[in-house]
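Enquirer: Dumping the structure here so I can ask a few things about it.
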Amino acid sequence: MEKERIAIGISNGMNISTTPVGLIIERKWFSSNTLFLTVFTIAWYGFLLNWYTNIPNIWPINAENMMAALFPLIHVSVGISLTYYVIASYFNKTTVTVSPSVVESRITPIPFGFKKSITSKSIEQVYCKEVTTEGRNRKHVSYEVRVVLKDQRHIGLVSGFESSEQALFLQQEIEAYLGIKDVSVKGELA
């Protein structure tokens, strides 16, 4: 069943251009959430610095104080992961290239995930999906763009959109470039 197509304008943080190669859509990662995570990461390291500088008798490490010394190492690894993500959020962008032969998604300049390439002719449908993850005190909602292949497999193309408009814009542009009619897919964003 074909849906009525509603045109969605380009969202903040996104650019679109047409080149001889095809359609290029870019989404910058930087958002207000990046600023919050920057402050949170600095506070995280402040806690760790306080932990290691204010524990009496931790140095040298021995059998009696080993747990006090090792406990924060889990927090140090979380801090390193947070730092990597925050730095990537300042500089990275996701680029989707759509050509008659391939649809490709890649993240640059800081490595973060894998490049995805899907043969254009194998794509039957493009759709958006809402993804909800639950934390201790709140739910986090993000959006992803997925494709249905001719063999009915569903493959994620791009994830991590903060707004449904960004995901729907990408879906709209891929479908328009490849001449795909927008048909309802079970589980897609309404």
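The values are calculated or read from the model by the stated rules, or taken from the named source; none is laboratory data. None of the values given here were measured: they were computed from a predicted structure. Counting neighbours? That spans all protein chains shown, and the Cβs are built from the backbone with ideal geometry, glycine included. The area values use the complete protein model at the heavy-atom level, side chains included, leaving out ligands, DNA and RNA. Shrake-Rupley method; radii C 1.70, N 1.55, O 1.52, S 1.80 Å.
Enquirer: Dividing the alpha-carbon radius of gyration of the chain by 2.2 N^0.38 Å (N being the number of residues), what value is obtained?
Expert: 1.34
Enquirer: About the Cα centre, and with charges only on the beta carbon of Lys, Arg (+1) and Asp, Glu (-1), how big is the dipole of the range 110-179? Nearest 20 debye, please. Mind dumping the intermediate values first?
Expert: Numbers: 10 positive and 9 negative charges, 63 e Å.
With only Lys, Arg, Asp and Glu charged at Cβ, the dipole is about 300 debye.
Enquirer: Restricting attention to the range 100-146, which trypsin sites (Lys or Arg not before Pro) occupy a DSSP loop and are surrounded by at most 15 other Cβ atoms within 10 Å?
Expert: K115, R136, R138
Enquirer: With a cut-off of 8 Å between alpha carbons and a minimum separation of six or more residues, what is the relative contact order of the chain in percent? Don't skip to the end; give the middle numbers.
Expert: Details: 285 pairs, mean separation 41.2, N = 190.
Answer for the chain is 22 percent.
Enquirer: I would also like to ask the following. For helix 32-54, report the angle its Cα long axis makes with the longest principal axis of the Cα atoms of the chain; keep it between 0 and 90° and round to the nearest 10°.
Expert: 20
Enquirer: Can you tell me the alpha carbon radius of gyration of the range 83-190 divided by the globular rule-of-thumb value 2.2 N^0.38 Å?
Expert: Scaled against compact globular proteins, the figure is 1.11.
Enquirer: Additional query: Is the shape of the range 68-134 best called rounded, prolate or oblate, per the rule: a/c under 1.5 gives rounded, else a/b larger than b/c gives prolate, else oblate, with a ≥ b ≥ c the square roots of the Cα gyration tensor eigenvalues?
Expert: Prolate shape, in that a/c is at least 1.5 and a/b is the bigger ratio.
Enquirer: Toward the positive end of the charge dipole of the range 140-179, about the Cα centre and with charges on Cβ (Lys, Arg +1; Asp, Glu -1), which of Y143, Q166, I155 goes farthest?
Expert: The Cα lying farthest towards the positive end belongs to I155.
Enquirer: Please give the net charge around N15, taking every other residue with its beta carbon less than 13 angstrom from that of N15, where Lys and Arg add +1 and Asp and Glu add -1.
Expert: Here the count lands on +1.
Enquirer: Which longest run of the chain has no exposed loop site in it, a site being GluC sites (Glu not before Pro) in a DSSP loop with at most 15 other beta carbons within 10 Å, and the site itself not part of the run?
Expert: 65-190
Enquirer: For the chain, what is the mean residue ellipticity at 222 nm derived from helices alone (per DSSP H run of n ≥ 4: -39500 (n - 2.57); sum divided by total residues; nearest 500 deg cm²/dmol)?
Expert: Dividing the helical sum by the residues of the chain leaves -11500 deg cm²/dmol.
Enquirer: Ignoring any ligand, DNA or RNA, what whole percent of the accessible area of the chain comes from carbon and sulfur when the probe is 1.4 angstrom? Each step should come with its number before you reach the end.
Expert: On the way: 7300 of 11890 Å².
Carbon-and-sulfur percentage of accessible area, whole number: 61.
Enquirer: Now for a separate question. Given the options S11, P100, N50, identify the residue whose Cα lies farthest towards the positive end of the charge dipole of the chain (+1 on Cβ of Lys, Arg; -1 on Cβ of Asp, Glu).
Expert: Final value for the positive-end residue is P100.
Enquirer: Taking the Cα centre of the chain as origin and charging only Cβ (+1 Lys, Arg; -1 Asp, Glu), how large is the dipole, in debye to the nearest 20?
Expert: 180
Enquirer: Tell me the angle of helix 164-178 to the major Cα principal axis of the chain, expressed in degrees between 0 and 90 and rounded to the nearest ten.
Expert: Relative to the chain, helix 164-178 is tipped by roughly 40 degrees.
Enquirer: Here's a follow-up. Using a Förster distance of 35 angstrom, determine the FRET efficiency expected from the C-beta separation of H140 and S101, and round it to 0.05. Walk me through the numbers before you get to the answer.
Expert: Working: r = 36 Å, r/R0 = 1.03.
After rounding to 0.05, the efficiency reads 0.45.
Enquirer: Another question, then. Identify which of A68, A176, A167 has the largest mean-square fluctuation in a Gaussian network model of the chain, with springs joining Cα atoms closer than 10 Å.
Expert: In this elastic network of the chain, the residue with the biggest mean-square fluctuation among A68, A176, A167 is A68.
Enquirer: I want the local charge near F114. Using Cβ-Cβ distances under 12 Å, sum +1 for each Lys or Arg and -1 for each Asp or Glu among the other residues.
Expert: That works out to +2.
Enquirer: Just the number please: accessible area per residue for the range 59-190, 1.4 Å probe, all protein chains included, in Å². Before the final figure, lay out the partial values.
Expert: Numbers: 7770 Å² over 132 residues.
Value for the range 59-190: 59 Å² per residue.
Enquirer: Here's another thing I want to ask about it. For the pairs K28/K181; K139/K186; K28/K115; K93/K129, note any where the Cα-Cα span goes beyond 26 Å.
Expert: Too far apart for the 26 Å limit: K28/K181.
Enquirer: While we're here: Determine the relative contact order of the range 83-190: mean sequence separation of Cα pairs under 8 Å and six or more apart, normalised by residue count, in whole percent.
Expert: Details: 180 pairs, mean separation 22.7, N = 108.
So the answer I get is 21 percent.
Enquirer: Let me ask something else about it. Using only the alpha-carbon atoms of the range 132-190, report the extent along each of the three principal axes, biggest first, to the nearest angstrom.
Expert: Each principal axis gives a Cα extent; for the range 132-190 these are 43, 23, 18 Å.
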